[in-house]
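Note sheet for the following structure.
The values are calculated or read from the model by the stated rules, or taken from the named source; none is laboratory data. Because the structure is predicted, anything quoted here is derived from the model rather than measured. Neighbour counts are summed over all protein chains in view; Cβ atoms, including those assigned to glycine, are modelled from backbone coordinates with ideal geometry. The protein model used for the area step is the full one, side chains on, heavy atoms only, and it has no ligands, DNA or RNA in it. Shrake-Rupley method; radii C 1.70, N 1.55, O 1.52, S 1.80 Å.
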Amino acid sequence: MQTAAGRAICAALVGVAMLTSASAAAAGPADKLRDSLFKNRPGEVPGAPVGCFVSEDGRVFTLDRTQPWPLLKFEDSPEVWALLPSPAPRGDVIYKNDLGQPMLRATRLGGFTLFTDKRPSGEAVSRAAGCGPLRLLFISPQALGERMLQASVRSAARRGARCCSRPRRRRTRPP
């Protein structure tokens, strides 16, 4: 013997089951859209593995993700940064420098934010022209020592080499 409340609960459960099965069949295109937008695994950023980008301030840089460690090089600097990718909220990836400071944030949808000393909260970045991967020169320890010596000589020449060229005079106090 079923009560009216029991029949109502059964009817509601059957109705919910029918709606969920019907909505699952109709949700095919929505699932495809969701998968195409968000199918990336955490830490995976869409887009070309190598790209040239320009920031709002006009700084141009190359991001090369073909290496074991992503490399970043600004156009106006000879320095190449080896970045450490780390996961961020919403499936984004934050690329940090060797000091652990965030330099670049990549979103799941392919957008980038550049963090600089002038703009620590970040600035939008857009893709510029295509470019090739960064190639690092592998040099011997002797060649590295020679380059460091050359850089030291250039630095001393720019300073005027005052610290090493003339002997210092000792000040004598009057008696």
Legend entry - Cα→Cβ-extended label distance, 7 Å offset, between Thr66 and Thr116, nm: 2.7 nm
Inset, instruction - Could you rank Val60, Val153 by how accessible they are, 1.4 Å probe, largest area first? - result: Val153, Val60
Legend entry - Karplus-derived 3J(HN,Hα), 6.51/-1.76/1.60, for each residue of region 110-118, Hz, glycine and proline x: x, x, 10, 10, 9, 9, 10, 5, 6
Legend entry - Linear extension gain, Asn97 paired with Ala156, 0.36 nm per residue minus alpha-carbon span: 18.4 nm
Legend entry - Isotropically averaged projected area of region 106-152, using the convex hull of Cα atoms (one quarter of hull area), nm²: 6.3 nm²
Inset, instruction - May I ask you to derive the FRET efficiency for Arg127 and Glu79 from their Cβ-Cβ distance with R0 = 22 Å, giving the value to the nearest 0.05? - result: 0.50
